[in-house]
Amino acid sequence: MHTFEFIRPADQAAAIATAAQTKTAQQGAEVRFLGGGTTLIDLMKLNVETPARVLDINRLPLDKIEATSDGGLQIGAMVRNSDLAYHAKVQKDYSVLSQAILEGASAQIRNMATVGGNLLQRTRCVYFRDTAMTCNKREPGSGCPAITGHNRTLAILGGSDHCIATNPSDMCVALAALEATVQIQGTKGSRAVAFGDFHLLPASTPNRETVLEPGDLITHVILPAPIAGSKQVYLKLRDRASYEFALASAAVVLTISSGKISRTQIALGGVGTKPWRSPEAEAALAGKPTTDAIFREAAEAALRGAKPQSENKFKIELAKRCLTHALRIATAN
Amino acid sequence: MEIDNRLPGSEQPNRRKFLLTAGSAMAAGVMATRVPAATVPGQTAGAAAPAGGAIPITLRINGKEHSLRIDPRTTLLDCLRETVALTGTKKGCDHGQCGACTVHVNGRRVLSCLNFAAMHDGEEITTIEGLGTPDAMHPMQEAFYSHDAYQCGYCTSGQIMSAVALLKEPCGSDDAAVKELMSGNICRCGAYANIIAAIQQVRKRA
């Protein structure tokens, strides 16, 4: 591991001022915020991340879960994943989020990992994690060996000729389906970014993963008021029963009135280069009855743009069945 | 020719004693050949020393306060094992994939390999050494012992630290719920069935 200066900023303003001295907040940042450490320290050990300064923000007062004035929920960026998953209101009104978090990682990691950190979780692509290999995300322009190499777990949606790295988060898939907002504090003040706009597609700059600029600190994730009577399901399929990243997952939030689907919010995980909201699936379900045939049509629509690689064609059918089954579970009873 | 394979006198083999002896011999070797970084051609002193220098921290480990000076790169795991010499916490993968290094920080289970020790300045750390003693074992240690919930024992301290934390976490009563919440602790020997049995016995008695 490279040497670094360990700094505990006195407050949010000091943290932002110091972080603003980095040239980029993306891959290669010279200054990094340290939350739970579960991604950053892992990548520092691999020399994939080599910050000169590490800002320990664990003691900033961003660890509360509070009601918003419009009936939603404001979640501090330093709230631990386990505290969010077991929060009574989250379990009751946003159960897809609770389910998604508890399907991810292990109990120890959930106790450490923060909400803000989970938004910035890095891909598990083996080429990204191995500095002996080239990688456009790690070293822009160096090439992507994954496209012709081991790509079984990599993305089939949202990839480019430069990068097909999968976003590994479960929590973010639920947040995409719940239409969360990311609250960011930067040198120029505070701004809110819709969840779907927070992560970027790789295109020709896979080193840029989010809209964050130098000095930007995620302070909160905000959930809109709960959707009354909504059915919520997170279904995750993977190589082993637990403690494994998704090959395919689906977050489903829907309401039914008079036997027809009246509102749906759907996102997929394990298959996209970012948490993958699917307006195509939502459109296919709107106003339709809750039958297997309709669910399958929605799944076909969700995966219509999928581009498989040499080893992951199976993910297309897997993701379709995952979404179909999640819809079946959500609409049962 | 006859070879005498007997061990001399009462000197029975002892893994820990052997490792300690071998370890200090190796350490002495390293010390003897160590050169200050600045004298190595092409290398500056700054390359070997931490950018911000060693930093002072205080950890409360198993109820005892330890004031330490550490390189900021030191993980909590390395700090416990190398600096404080509490070797009950094991290093398995060192990347958060096996759970062997599980300890409690302020009463919650975490992976000590994915934390810098400096993050825990002033915090309460509990390791396997703080759980019980050979004469007064924690009920979970006793249960692991009586259920033979290990073979090689390397993952055991992590398994027990996880299991003790699990007692206070929301967890269903069936084996499946325990398996799910223990999935972050990998056992290469495959002692899982006995591990689950040990944990369930403690939960039923609690």
Filter the stretch A:37-79 for residues that are touching a strand residue (DSSP E or B) at 6+ places or on another chain (Cβ under 9 Å) and acidic (Asp, Glu); which is farthest from residue A:220 (Cα to Cα)? A:49
Inside the stretch B:53-155, counting only strands (runs of 3 or more DSSP E) that do not spill past its ends, which hold 2 or more residues that are closer than 25 Å to residue A:5 by Cβ? B:55-61, B:64-70, B:108-111
Given (1) buried (at least 16 other Cβ atoms within 10 Å of the Cβ); (2) under 16 Å from residue B:140 (Cβ atoms), index of the condition residue B:186 fails: (2)
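Give the residue that is nearest to the other protein chains (Cβ to nearest Cβ), with candidates limited to residues of the stretch B:74-114 that are among the polar types (S, T, N, Q) and over 13 Å from the mean Cα position of the chain (by Cα).
B:97
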Any hit, the stretch A:54-68, residues being part of a loop (DSSP other than H, G, I, E, B), more than 28 Å from residue A:85 (Cα to Cα) and in contact (Cβ under 8 Å) with a residue 12 or more places away in the chain: no
Looking at residue A:32, is it more than 8 Å from every other protein chain (Cβ to nearest Cβ), in a loop (DSSP other than H, G, I, E, B) and charged (D, E, K, R)? no
Collect the residues in the stretch A:38-53 that are in a loop (DSSP other than H, G, I, E, B) and without any contact (Cβ under 8 Å) to a residue 60 or more places away in the chain, keeping them in residue-number order. A:49, A:50, A:51, A:52
Options A:271, A:253: the member that is touching a residue at least 40 places away in the same chain (Cβ under 8 Å) and under 24 Å from residue A:72 (Cβ atoms): A:253
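Given the stretch A:198-258, what strands (runs of 3 or more DSSP E) lie entirely inside it while holding 3 or more residues that are hydroxyl-bearing (Ser, Thr, Tyr) and touching a Cys at 6+ places or on another chain (Cβ under 8 Å)?
Here the list is empty.
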Filter the stretch A:1-29 for residues that are within 14 Å of chain B (Cβ to nearest Cβ) and farther than 20 Å from residue A:59 by Cβ; the one that is surrounded by the fewest Cβ atoms within 10 Å (Cβ to Cβ) is A:2
Within the stretch B:42-65, is even one residue modelled with pLDDT of 95 or more and under 14 Å from the mean Cα position of the chain (by Cα)? yes
Residue A:41: closer than 30 Å to residue A:135 by Cα and surrounded by 20 or more Cβ atoms within 10 Å (Cβ to Cβ), yes or no? yes
Filter result for the condition that a residue is within 29 Å of residue A:237 (Cα to Cα) and more than 14 Å from chain B (Cβ to nearest Cβ), over A:96, A:126: A:96
Test set (1) within 12 Å of chain A (Cβ to nearest Cβ); (2) surrounded by 14 or more Cβ atoms within 10 Å (Cβ to Cβ); (3) within 30 Å of residue B:73 (Cα to Cα) - residue B:126 fails condition number: (1)
Residue tally, condition of a type in the set (Asp, Glu) and either at the interface with chain A (Cβ under 9 Å from one of its Cβ atoms) or part of a helix (DSSP H, G or I) (or both), over the stretch B:156-176: 2
In the stretch B:177-189, how many residues are touching a residue at least 12 places away in the same chain (Cβ under 8 Å) and either among the polar types (S, T, N, Q) or within 14 Å of chain A (Cβ to nearest Cβ) (or both)? 8
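The values are calculated or read from the model by the stated rules, or taken from the named source; none is laboratory data. Predicted, not measured: the structure shown is a model, and the values here were computed from it. Cβ atoms come from the backbone with ideal geometry, glycine included; neighbour counts cover every protein chain shown.
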